[in-house]
Amino acid sequence: MSNTIVNSKTYTGSDLEKIFFRPILAGDSAEELGIRILYNMPMPTVLPVVSTREDVMLPIDSKSYSWDTEQRTVEHREIQMERVKAENAYSASDYFSTIFESLSNKSGANLTDLSGTDLEAAETDLFRKAIAESIRMNLWMGDTSNTNPTSYNSFDGILTKLYAAVGNYDCHYSDTALSQTLETKPITEVLDAYIEKSSPQLKGLFKEGQVAFFVSPGVYKRYQAYLDEQFGTAIYNDIQNGRKQLMFRGFPIVEVNLQPYINVANIPADYIVFTDRRNIVLAVNTADIPGAEIRMWYNPDVMQNRQRAVFAIGCEILDYNLVGAGMDYHEEEEE
């Protein structure tokens, strides 16, 4: 049996969608991101801003609206899409070992014949996981202005956009200010501040059950520690069995783990983003992009197995008024 995988594979069109991107952007994989995901929406992708309901009732004897004119103004935001490529390269021996291990863990696989659908599925799964993780990291910490070769800079992510909109790290998320606050105040008081200082627009969406905290591992760990310090049967069971979903006053707390790469970015180690899940949008397009494809091939000149994906991607915060304030948790100085 040869220890080299040399069969080339190319996916375009519907295969590109069904085999690679739908599994990443739907079901459990999409739920792990915890945000709104759009796939192959018409480009340019324009969405209305998330808003609370407006009053559509009138007194029965009042003058009716004119049906041929739009009665309310709906704000829209265009999601800027970037054409990107995802690439992986493995030495032939490493690639073979990785794929062989994957196949050996699958019941019924014919390990004496590394070809056909089993091999294709193993190679696809390997690259798909790499693309999914890269999308997740860029979604939050992507920064096109960062020229560090080890950084994520394919498109601007959510934390980068928040910084650009606010102009500092003290409003929607924080570096020194938040870190100092976490050292001096209970985590519950910090999270409470995000809720209490939310805009009226965001508070109006609380009842719809889509508002959540997106936090750094440090913040997540602090809240875990706070829960562990409590007493009762429920806490005992939590410590024994773990907690599948942390909640604070009914709001989910989603851990956004960017380690260890956040150390080479311009983003602070601790951050809290409090917003409606539908307010953060990730858009991916493989239908309207020239040259969109997935390729996996063997390069005999350098004895490497290579993988490449070409597609368009972007993210956006639809309404900055729907992002929890969390500006300054320190007590205001008396005049």
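What the table below lists for this structure:
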item: Inter-label distance, nm, simple model (7 Å from Cα along the C-beta direction), N257/T147; result: 3.4 nm
item: Theoretical FRET efficiency, 1/(1+(r/R0)^6), r = Cβ-Cβ of R306 and A164, R0 22 Å, to 0.05; result: 0.05
item: Pair S62, M247: separation of 7 Å Cα→Cβ label points (nm); result: 3.8 nm
item: For peptides 37-48, 285-296, 311-322, sequence by mean Cβ density within 10 Å, most packed first; result: 311-322, 285-296, 37-48
item: Three-way shape label, the range 282-327, alpha-carbon gyration tensor, a/c 1.5; result: oblate
item: Phi to ³J(HN,Hα) by Karplus 6.51 cos²θ - 1.76 cosθ + 1.60 over the range 77-86, Hz, x for Gly, Pro; result: 9, 8, 8, 6, 9, 10, 7, 10, 9, 10
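Here, each number is a calculation from the coordinates, and none is a lab measurement. Every value quoted in this text rests on a predicted model; they were computed, and no experiment measured them. Using ideal geometry, Cβ is built from the backbone for each residue, glycine included, and neighbour counts are taken over all protein chains shown.
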